[in-house]
Amino acid sequence: MRNYNECITISGVPDRAIFFIKRPLSSHVSLQHTAATCAASLKEFYVKRSLISTAALLIFAAPAWAQPAASALPPAAPPNATVGPMPRSSSAALPQAGTTLSKSDQTFVKTAAEGGIAEVQLAQLAQQKTQNDQVKQFAQKMIDDHTSNNQQLVQLATTLGVTPPSDPDAMQQKTSVRLGALSGAKFDRVYIHNQIHDHEMMLKLFQTEASSGENPQLKAFAEQTVPVIQQHLALAQRLRKAGA
């Protein structure tokens, strides 16, 4: 700012200031001209001071303006707080373990499991339907032996990375429905006939696995089960000869 050495305001308003001229006026400059110059200089000073004060106010007020935005954020968890698990995607589910079993070994597991489950279910139906004590005893043996074999097969298959079926196949389920509609001696004849047919098929399946299966554990299981199936087949054939 210029001319501050010449004029000092003793009034707070630049437009209406009363000035005291410190330096003697030049001969060619009038008092009125000097007063006007001082007024302009002081007005410029106050304008600049006002701008500086406004800028300072904005700087100091900035943290206060930012505060509402910060308070809108969720509160931070305490350092020792336990955070709950994130929702899982249906896609975050675990896959079944892989298997190195050959296709033929996998087919054996599937067919053997379905046949074993069907044997237990049909034997349970026979326990309800038959009036023949020999047929009831035979059916109970089917339940006991096949339940044990099924459990061994499921455990073994799981360790080999295969999940065996938990239901009979479609044909076996139809057989169960057909037998459910029978009763008395007719039921006994159809049930025993079905048992002979099924055990003949199972015997071929287990003998094939025991002789040419690729997995040594499945081969051992099939080999130890073959005598059980042979015994069941012989019992069913004996019941048919006895007229059951």
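The values are calculated or read from the model by the stated rules, or taken from the named source; none is laboratory data. Note that the coordinates shown come from a computational prediction; the quantities given were computed from them, not determined experimentally. FYI the Cβ positions are ideal-geometry reconstructions off the backbone, even for glycines, and counts take in every protein chain you see.
Here are some notes:
- Pairs linking a residue in the range 105-131 that is farther than 21 Å from Thr225 by Cβ to a residue that is of a type in the set (S, T, N, Q) and assigned to a helix (DSSP H, G or I), with Cβ atoms under 8 Å and 6 or more positions apart or on different chains, are Leu125/Ser176; Gln127/Gln140.
- One residue alone among Asp188, Asp198, Asp167 is among the charged types (D, E, K, R), loosely packed, with under 15 Cβ neighbours inside 10 Å and touching a residue at least 40 places away in the same chain (Cβ under 8 Å), and that residue is Asp167.
- Members of the range 151-174 found to be under 14 Å from Val120 (Cα atoms) and touching a helix residue (DSSP H, G or I) at 6+ places or on another chain (Cβ under 6 Å), listed by number: Pro168, Asp169, Gln172
- Taken over the range 114-139, the residue count meeting the criterion of being outside any helix (DSSP H, G or I) and more than 10 Å from Asp188 (Cα to Cα) is 0.
- Among (1) at pLDDT 95 or above; (2) out of contact with any His (no Cβ under 9 Å at 6 or more places or on another chain); (3) under 27 Å from Asn132 (Cα atoms) - the single one Gly243 does not satisfy: (1)
- All positions within the range 196-244 that are in contact with a helix residue (DSSP H, G or I) (Cβ under 8 Å, 6 or more places away or on another chain) and part of a loop (DSSP other than H, G, I, E, B): Gly213, Glu214, Asn215, Ala242, Ala244
- Meets criteria (modelled with pLDDT of 95 or more and either surrounded by 13 or more Cβ atoms within 10 Å (Cβ to Cβ) or in a loop (DSSP other than H, G, I, E, B) (or both)) for Val177: no
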